[in-house]
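Reviewing the structure listed below.
The values are calculated or read from the model by the stated rules, or taken from the named source; none is laboratory data. Just so you know, these numbers come straight off a predicted model, no measurement behind them. A quick note on method: Cβ atoms are made from the backbone with ideal geometry, for glycine too, and the neighbour counts reach across all protein chains shown.
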Amino acid sequence: MYLVKTPRFIQNLFPNFIWNIPDVEKVIYLTFDDGPIPQVTPWVLKELARYKAKATFFCVGENVEKYPDIFKQTIAEGHTVGSHTYNHLNGWTMGNNINYFHNVRKCAELMDSPLFRPPYGRLKPKQAQFLQRHYNIIMWDVLSGDFDHRVTKKQCLNNVINNSGRGSIVVFHDSIKAKENLSYVLPRALEYFVEQGYTFKSIDAAALATFQPYSVTA
């Protein structure tokens, strides 16, 4: 089970995580997890280029080492990147936090990035306390569900269109598992939001400068 729209109370429980980036302009922050891979990532880059859209790619370190040319292309085309651990580790199942931290750092050093997104969004409290001192932990407020084969393509598109707005951080996956849904949803979502006057930006230093942690009393 997963939530398409991250409730405000969950965001308030973890105020130092970045769930969205409020903006007075009509901006959406698209993110892609699990790549790079040759079967999907180059296609994603082409679709983004068609709409002059920038995005943020949370890469798995071993994929970066396998496909360095795709990784370099991603950066060359003006997108930002972040660590998604070296081996796509689930923080909840890690018995040794030190091994988890080393895995995150190994990936981050490959990409020279301060951005981190935990696979599955799962971190133990001690992991979060340590990592947020060293990285900007980027979560999301809209989960497309592109990885879920139980969701129809149209449902997946509606997940994005009906829940995204100014400053939303939206999760897609440039992975084999998500390819079928993503190939339907991404171009249609880009077209829809461009027609609504939105632009798509990457999560960079300028975007992070506008971030203000939620107050638990708000």
*asked:* Here is a list: Ile28, Ile70. Which entry is within 20 Å of Leu3 (Cα to Cα) and either surrounded by 22 or more Cβ atoms within 10 Å (Cβ to Cβ) or in contact with a helix residue (DSSP H, G or I) (Cβ under 7 Å, 6 or more places away or on another chain) (or both)?
replied: Ile28
*Could you pull out the residue among Val81, Val24 that is β-branched (Val, Ile, Thr) and modelled with pLDDT of 95 or more?*
Val81
*Subset of segment 147-157 [assigned to a helix (DSSP H, G or I) and surrounded by 17 or more Cβ atoms within 10 Å (Cβ to Cβ)]*: Cys156, Leu157
*asked:* Residues to consider are Lys179, Lys153; find the one that is of a type outside the set (Phe, Trp, Tyr) and free of Cβ contacts under 8 Å to residues at least 60 places away in the same chain.
replied: Lys153
*Which of (1) assigned to a helix (DSSP H, G or I); (2) touching a Gly at 6+ places or on another chain (Cβ under 7 Å) does Trp92 not meet, given it meets every other one?*
(2)
*Starting from residues that are within 13 Å of the chain's Cα centre (by Cα) and either among the β-branched types (Val, Ile, Thr) or farther than 18 Å from Asn20 by Cβ (or both), keep the ones in segment 127-144 and report whichever is surrounded by the most Cβ atoms within 10 Å (Cβ to Cβ).*
Val142
_Looking at segment 168-188 only, could you name the residues that are touching a strand residue (DSSP E or B) at 6+ places or on another chain (Cβ under 8 Å) and either assigned to a helix (DSSP H, G or I) or surrounded by fewer than 21 Cβ atoms within 10 Å (Cβ to Cβ) (or both)?_
Leu182, Val185, Leu186
*Grab the helices (runs of 4 or more DSSP H) fully contained in segment 21-88, keeping just those with 1 or more residues being of a type in the set (Ser, Thr, Tyr) and within 20 Å of Val104 (Cβ to Cβ).*
68-76
